[in-house]
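We did not get these values from a lab; they are worked out from the coordinates using the rules stated. These numbers come from a predicted model, not from an experiment. Here the Cβ is made from the backbone with ideal geometry for all residues, glycine too, and neighbour counts use every protein chain on show.
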Amino acid sequence: MHFFSHAPQPVQKEVEAFWYLNLTPEQQAAHDKFLAHLTDTKQLLAGHDDRYTLLRFLKARQWDVTKATVMYTNMTKWRAEHGTDKLYETFTFPEEDRVIEHYPHFYHMMDKFGRPLYVELLGQTDASKMLEHTSMERLLDYHIVEWERLKREILPRCSVLAGKPIITKNVILDLKGVSMKNFGHAAREILTKIAAIDQDYYCESLGQMFIINTPTVFRLIWAVVNPMLEERTRRKIIILGHDYMPTISQLIPEENLPACLGGKGARTDMKSTIGPWTDVELPAAGPAAAAAAAGSPAPAVKEVTAAAAPAEAVAVTAGNGSAAH
């Protein structure tokens, strides 16, 4: 993690962005052992048995098969108890427009590696007012469904465009206008719940996170947030002030940044998804065929259909920008 530097900071290189395509022999051996163990013990969850899902859980636990097994099986149990697949298929959020008034967030274009960019405008976020229009339970369900949408709909299409598997996203958290009132009891409660969900069940889905326009009070906020994050997440975060463009533009072209962040991309609202993947039609077989079309290496196990694709995510705030990385 880089903290409050005024000089341009180094960002991820291609080999780091696509770590899952550049395994060491030891990492590949850990994957093979992990897959064999889950298969032999009948703990593989259909729809979450693809190569890249297993690699994410291994990386989250430093390639320790035993620890990765515990994390993976906790995830499968949680999904069953929460009914996540059904939630994705049936959840509606009619209060979305009212919530977004107090929590603007959106996907906007991609970085130079083809990963989608997710933005939250935290200076315009008011958790207490959000909860006047929805409940904590429904807000968390919305958060989960948004990550399901990312994994089932956005990332497979980005993979087709990139010609290789895309399994992570980038995040920009804009703190312009943030004060301690944005980080009251409601915000802390939302953050705590989302951070737990994301780090436990949606691991290693973050590419790079930029926290920009950090005010002086951010040090106080960070003192609360920092203990909630695992070290693997902190390493992906770059914290910047108002002079963030020289750093961000190394990874995200200015034409792909929305105008509200100093880029050249136009937006008419703060909720619509804008990106070239919206024009991509997935093959009938869903993400499996999309991976093949993208030229990805053959997985060690059967890939999944669009209706059963895996869902993983991140969280460092009261929303989908999150901390499960």
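So for each of 224-232, 200-208 I average, over its residues, the number of other beta carbons within 10 Å; can you give me the resulting order with the highest mean first?
By packing density, highest mean first, the sequence is 200-208, 224-232.
What are the GluC sites (Glu not before Pro) within the range 247-284 that DSSP puts in a loop, where the Cβ has at most 12 other Cβ atoms within 10 Å?
Hits after loop and neighbour filter: GLU281.
Cross-link candidates for LYS264: which aspartates and glutamates have Cα within less than 13 Å, leaving aside residues fewer than 8 places away along the same chain?
Partners found: GLU254, GLU255.
From the phi of every residue in the range 143-150, what ³J(HN,Hα) in whole Hz does the Karplus formula 6.51 cos²θ - 1.76 cosθ + 1.60 yield, where θ is phi - 60° and glycine or proline is x?
Karplus values, whole Hz, x for Gly and Pro: 4, 5, 5, 4, 6, 4, 4, 4.
Lys and Arg at +1, Asp and Glu at -1: add these up for the other residues within a Cβ distance under 11 Å of GLU95 and post the number.
It works out to a net charge of -2.
At a threshold of 8 angstrom on Cα-Cα distance, excluding pairs fewer than six apart, so keeping six or more, what relative contact order does the chain reach in percent?
28
Work out the length of the dipole vector of the chain about its Cα centre, built from +1 on the beta-carbon of each Lys and Arg and -1 on the beta-carbon of each Asp and Glu, and round it to the nearest 20 debye.
Here the chain has a charge dipole of around 580 debye.
Restricted to Cα positions, what overall size does the range 70-123 have along the principal axes? Three whole-Å values, descending.
35, 34, 22
Please give me the summed charge of the neighbours of MET245: other residues whose Cβ is under 14 Å from its Cβ, Lys and Arg +1, Asp and Glu -1.
-2
Give the angle, between 0 and 90 degrees and rounded to the nearest 10, that separates the Cα long axis of helix 65-82 from the longest principal axis of the Cα atoms of the chain.
Rounded to the nearest ten degrees, it is 70.
With a 10 Å cut-off between alpha carbons and a GNM built on the chain, which of HIS143, HIS105, HIS37 moves the most?
HIS37
All other residues with a Cβ under 13 Å from the Cβ of PHE183 taken together, and with Lys, Arg as +1 and Asp, Glu as -1, what is their net charge? Walk me through the numbers before you get to the answer.
Working: positive: LYS181, ARG188, ARG219; negative: ASP126, GLU189.
Local net charge: +1.
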